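Heads up, the thing below is written out as structure tokens.
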Amino acid sequence: AQSVTQLDSQVPVFEEAPVELRCNYSSSVSVYLFWYVQYPNQGLQLLLKYLSGSTLVKGINGFEAEFNKSQTSFHLRKPSVHISDTAEYFCAVIGLNDYKLSFGAGTTVTVRA
Amino acid sequence: DVKVTQSSRYLVKRTGEKVFLECVQDMDHENMFWYRQDPGLGLRLIYFSYDVKMKEKGDIPEGYSVSREKKERFSLILESASTNQTSMYLCASSETGEGTEAFFGQGTRLTVV
């Protein structure tokens, strides 16, 4: 079984400032990692995913994440946020040969002008 | 454009009622999932299905059942609704294969009074 810990429940940030959302996972098998975003009153949509290869993954809307196997982390970053990035962000993991995603508790990002 | 459609955005039901939440996907995906989303707890898997008429319990199946009679449709049933089942319910689907992305519906916010 896998589990995910998102280390920050709330992250307030000013517009045009950088943001980092932290995610750690635990698993006894190799995993694939995902970040999803949920805008207010909407479902989840995929920001980016790590399957294999380069540990730096680029996603939509200027987000990127770095997979660190030794630290079992998959932190999400954006160098300059916009008001429209206000949303809840979920880190998720799926084990090799599995198809059930396990999610973290979520991080709410509030971008202020 | 891929689509997962949940039949209702908002529902209000009375304690003890039998409640049906419907989900339809148009992507011919094998896997379908029902999650429950609560503040501070992230998404928790209730049930999933990997084929027509096949189902497996997730992490919190108590008080719920599911039905998958056709590949594109996955129903969540609350046999006797209780106030602690007030929540946001999210349906998702994915292809079979390693590291495949899950696509989510818009969610159904259920209130049990």
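Coordinate-derived values only; no laboratory data. Just so we're clear, the structure is a prediction, and the values are computed from it rather than from any experiment. With ideal geometry, Cβ positions are generated from the backbone for all residues, glycine too; neighbour counts draw on all protein chains shown.
Cβ-Cβ distance of A:ASN41 and B:GLU98, R₀ of 30 Å, FRET efficiency by 1/(1 + (r/R0)^6): the value works out to about 0.40.
For the pair A:ARG77 and B:TYR10, what calculated FRET efficiency results from E = 1/(1 + (r/R0)^6), where r is the Cβ-Cβ distance and R0 = 35 Å, to the nearest 0.05?
0.50
Spin-label model, B:SER82 to A:SER28: label points 7 Å out along the Cα-to-beta-carbon direction sit 3.1 nm apart. Cα-based radius of gyration for the protein assembly as shown, normalised by 2.2 N^0.38 Å, reads 1.01.
As an exercise, identify the trypsin sites (Lys or Arg not before Pro) in region B:1-59 lying in DSSP coil whose Cβ has no more than 12 other Cβ atoms within 10 Å. Each step should come with its number before you reach the end.
Details: sites: B:LYS3, B:ARG9, B:LYS13, B:ARG14, B:LYS18, B:ARG36, B:ARG44, B:LYS53, B:LYS55, B:LYS57; in loops: B:LYS3, B:ARG9, B:ARG14, B:LYS18, B:LYS53.
Answer by residue number: B:LYS3, B:ARG9, B:ARG14, B:LYS18, B:LYS53.
Here, chain A has an Rg and a Dmax of 13.5, 44 Å when only alpha carbons are counted. Between B:VAL113 and A:GLU64, the distance separating the two model label sites (each 7 Å from Cα on the Cα→Cβ line) works out to 5.1 nm.
Taking label points 7 Å from Cα along the Cα-to-Cβ direction, A:ARG112 and A:LEU7 give a separation of 2.3 nm. Only alpha carbons enter this Debye calculation for chain B, each as an equal point scatterer, and the log10 of I(q)/I(0) it gives at q = 0.17, 0.18, 0.22, 0.23 Å⁻¹ is -0.75, -0.84, -1.25, -1.35.
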